[in-house]
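Everything on this sheet refers to the single structure shown next.
Throughout, read-outs are computed from the coordinates displayed, never taken from laboratory work. Treat the numbers as computed from the prediction; the structure is a model and nothing was measured. Every residue, glycine among them, receives a Cβ derived from its backbone with ideal geometry; neighbour counts consider all protein chains shown.
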Amino acid sequence: MLCSRFSFNIFFILILCMPFLVNAAPPSGVQPLHQLPTSQFHSLLHDDSIRPLLTAQEQQDFLNELEKEPPVWDKLHDPPGEEHGARLFVLNRRRDDLREGHRLLTQRIAFLWGAVLGEYQPEHKGFKLSIGPEPTQTSWGIVRFKPVGLPDEMIAIPSSDFLSTLQKRMTAGDKINVGILFTGRLIPWESIIYGFSHDGLEQGMIMPVVQVDSVQYFVVPPEN
């Protein structure tokens, strides 16, 4: 996706190794499970220095400040006879150089992933989480955050009253969706990666790579 097949493989090896390269201990993933009214996840941010990138507008504003303008995606497709991903590779390297030293690289940011409650863990009185990205359609393209340094285990612990409610719902076969609020900072040397989606439409995709320093979980109560 980024360049030649060789560079493509090297890129993913680097991504897998990033937690070790950054040398940061992962945050605890055993956290309370909050209940929130619809669309009130901003209330979990208690530190004014953290910039929320939770909506399409917030992500677009951030990219406008950091990157100035979106790529011209139509000009980044590989023409016949040109090396696979060569244009994307050049774009990524050029933009890495241009954003070097930018103040937003040290700004703590917050973003969302999704999860589903899984197996109950009696020792924690909580649930394992099956997690996945929450892509956002923006005017720049699809934004898909990539967290680096995830916790070793991710377990959501509800209050005792809410635990009983959740267990009843799961016994009845309900799928319980959970939001994950990650905070952290962009990886300095590979902070934003540009590529194309694999949805058959080949849409432009922007992947901010974030060293995670905290996680919080929330579930929106079902409407009565």
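Remark on T138: its backbone amide H falls under 5 Å from those of V143, a criterion applied only to residues 5 or more positions apart or on other chains, H modelled at 1.01 Å from N.
Given their separation in residues at 0.36 nm each and the Cα-Cα distance between them, D174 and Q137 gain 10.5 nm when the chain is fully extended.
Computed from the Cβ-Cβ distance with R0 of 41 Å, the FRET efficiency linking S160 to W73 stands at 0.25. Modelled this way, with points 7 Å down the Cα-to-C-beta line, the labels at S197 and E100 are 3.3 nm from one another.
Fewest-first ordering of T183, T106 by other beta carbons within 10 Å of each residue's beta carbon gives T106, T183. Of all aspartates and glutamates in the structure, those lying under 16 Å Cα to Cα from K75, and not within fewer than 8 positions of it along the same chain, are E83, E202.
Note that region 46-63 has calculated 3J(HN,Hα) couplings of 9, 10, 5, 7, 7, 8, x, 10, 9, 10, 4, 5, 5, 5, 4, 4, 5, 5 Hz, one per residue in order, obtained from phi through the Karplus relation 6.51 cos²θ - 1.76 cosθ + 1.60 (θ = phi - 60°); glycine and proline are x. Shown in residue order for region 28-33 are the 3J(HN,Hα) couplings computed by the Karplus curve 6.51 cos²θ - 1.76 cosθ + 1.60 at θ = phi - 60°: 5, x, 9, 9, x, 9 Hz (x for Gly and Pro). Annotation: amide H of I187 within the under-5 Å range of V209, V210, Q211, sequence separation 5 or more or interchain, hydrogens built in the peptide plane. Once backbone amide H atoms are built at 1.01 Å from N, H34 has Y217, F218, V219 as its partners under 5 Å, excluding neighbours fewer than 5 places away on the same chain. List the aspartates and glutamates whose Cα lies under 17 Å from the Cα of K125, skipping any in the same chain that are fewer than 8 positions away. Within the straight-line cut-off, K125 pairs with E153, D161. Cβ crowding within 10 Å ranks V178, V116 as V116, V178, fewest other Cβ atoms first.
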